[in-house]
Amino acid sequence: MKTDQIIVNLGPQHPSTHGVFRMAALLEGETIIDLKPVMGYLHRSHEKIGERNTFLQNMPYTDRLDYISSMSNNFGYALAVEKLMAVTPPERAEYIRVIMAELTRISSHIMTTGFLLNELGAMFTPSLYALEERELILDIFEEVSGSRMMCNYFRFGGVVRDISDSVIEKIRKLVFNRLPRKIDELDRYLTHNEIVRLRTEGVGVLTADEAAAYSAGGPLLRASGVPYDVRKAEPYSIYDRFKFDVAVRYHGDIYDRYLVRLDEMRQSIRIIQQAIHDIPSGPVMTGKSQYQPKVPAGEAYGRVEGPKGELGFYIVSDGKQNPRRYHVRAPSFINLTALSEMSKGEKVADVIAILGSIDIILGEVDR
């Protein structure tokens, strides 16, 4: 039977694209022959605004990149500027930073898992199961920073304020009791679910070589069999003190990306348990807090292992109050470049799930 190939646009106004993002798909029947991801509908000039702001004014702007992972964004930016200023945060601040970054990773991954089920057609109930746990983590963020999502908590040389004993007790209860049980529950509901496995195993495959060639990072890279994690490859802050494993799987499909996130949540719980046990007392800021910190001339790159992959901030200073150059290596944007390769030969319904398994945030894609 003779058929025509047609181009169908999914998005930029479509609930499955996670925001204003377009997939131009060349179809033959229901099969994807080629697919072109089209970004740029949400461009907010984040980097040019960053060059206009003072160094400190940029901290709350980083919250608005991957707005699900505010604390991780703060972390990467703080590390870059601290390299230029040659300051080291006090011990207690380092522990608080790690705890907040790992809570952020759990919050991001648990939400991604819930919404992946949404993309497979289980409309919203799994998302609400996942969001319930995320709300408990956001309660801690609110108590610590005053905000649930846009935390603006890190500073050059430490954090804004100390955390109380009652907050530490809440975190302890979460990581020693509730979160491990809830992650096991998610595992029990989903991992051997027949429909989940049929829809995800062998779908959207990205090989290790392809993942490396596309500069993929985070769970997308590790699910393809590359055990690369910035926390191990180039340990920052105090990550070299903690025992944890790099989560890795070897099939490179949607199913393995889901499993890697499950594994990573368990490893994050492990890290927080150790940090809560070892956290020392003391100050949380080096020197006094400055509204206008003096940043010497030079260039620096600070990178962290964010929930979505390697998040980097490149800063050039000429000694003035604002950066001369400010650039963000956004993992959502870079991981999205592999979408075309993963989608070829799959069905239209599968592309929605493949996009969900990459876990993008449009605020970070279109900086």
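The values are calculated or read from the model by the stated rules, or taken from the named source; none is laboratory data. All values reported here derive from a predicted model rather than from experimental measurement. Remember, those area values only see protein heavy atoms, side chains included, never the ligands or the DNA or RNA. Shrake-Rupley method; radii C 1.70, N 1.55, O 1.52, S 1.80 Å.
Quantify, in whole percent, the carbon and sulfur part of the accessible surface of region 255-311 (1.4 Å probe; protein heavy atoms only).
Its accessible area is 55 percent carbon and sulfur atoms.
Under 1.5 on a/c is rounded, so check that first for region 105-258, then, if it is not, pick prolate when a/b is larger than b/c and oblate when it is not; a ≥ b ≥ c are the square roots of the alpha carbon gyration tensor eigenvalues.
Oblate, because a/c is 1.5 or more while a/b does not exceed b/c.
Run down the lysines and flag those whose C-alpha is under 20 Å from the C-alpha of LYS173, throwing out any fewer than 8 positions away in its chain.
Output for LYS173: LYS182.
What ³J(HN,Hα) values, in whole Hz, does the Karplus curve 6.51 cos²θ - 1.76 cosθ + 1.60 give for region 120-131 when θ = phi - 60°, with x put for Gly and Pro?
7, x, 8, 4, 6, 4, x, 4, 5, 4, 6, 5
Of all accessible surface on region 38-183 at a 1.4 Å probe, what whole percent is carbon and sulfur?
Whole-percent figure for carbon plus sulfur exposure: 55.
Starting from the Cα-Cα distance between ASP34 and ASP278, subtract it from 0.36 nm times their residue separation and give me the gain in nm to one decimal. Please list the in-between numbers first.
Details: separation 244, 0.36 × 244 = 87.84 nm, distance 5.18 nm.
Gain on stretching ASP34 to ASP278: 82.7 nm.
Just checking my list (i) 0.92; (ii) 2.40; (iii) 1.00 against Cα Rg over 2.2 N^0.38 Å computed from this structure; which label fits?
Entry (iii).
Once phi is turned into θ = phi - 60°, what whole-Hz ³J(HN,Hα) does the Karplus curve with 6.51, -1.76 and 1.60 give for every residue of region 315-324, x standing for Gly and Pro?
After applying 6.51 cos²θ - 1.76 cosθ + 1.60, I find 10, 10, 10, 10, x, 8, 6, 10, x, 6 Hz.
Among the listed pairs LYS36/LYS232; LYS48/LYS320; LYS232/LYS344; LYS83/LYS170, give every one whose C-alpha distance is greater than 25 Å.
Where the Cα-Cα span goes over 25 Å, the pairs concerned are LYS36/LYS232; LYS232/LYS344; LYS83/LYS170.
Where only protein heavy atoms count, and the probe is 1.4 Å, what is the accessible area per residue for the chain in Å²? Intermediate results must be reported in sequence, preceding the final value.
Numbers: 15190 Å² over 367 residues.
Accessible area per residue: 41 Å².
Near LYS294, which aspartates and glutamates are there with a Cα under 13 Å away, not counting those fewer than 8 places off in the same chain?
GLU82, ASP318
5 Å is the cut-off here: which amide hydrogens, built 1.01 Å from N in the peptide plane, fall below it relative to ARG22, excluding neighbours closer than 5 in sequence?
Excluding prolines and chain starts, which carry no amide H, the hits are VAL38.
Classify region 146-227 from the C-alpha gyration tensor, please: rounded if a/c falls under 1.5, else prolate or oblate depending on whether a/b exceeds b/c.
Oblate is the answer for region 146-227, as a/c is 1.5 or above yet b/c matches or exceeds a/b.
Just from its helices, what would the mean residue ellipticity at 222 nm be for the chain, if runs of 4 or more DSSP H residues each count -39500 (n - 2.57) and the sum is divided by every residue, rounded to the nearest 500 deg cm²/dmol? Show your work: numbers first, answer last.
Working: 16 runs with 173 residues, N = 367.
Computed mean residue ellipticity for the chain: -14000 deg cm²/dmol.
State, as an integer percentage, the relative contact order of the chain based on alpha-carbon contacts under 8 Å between residues 6 or more apart.
Relative contact order, the chain: 27 percent.
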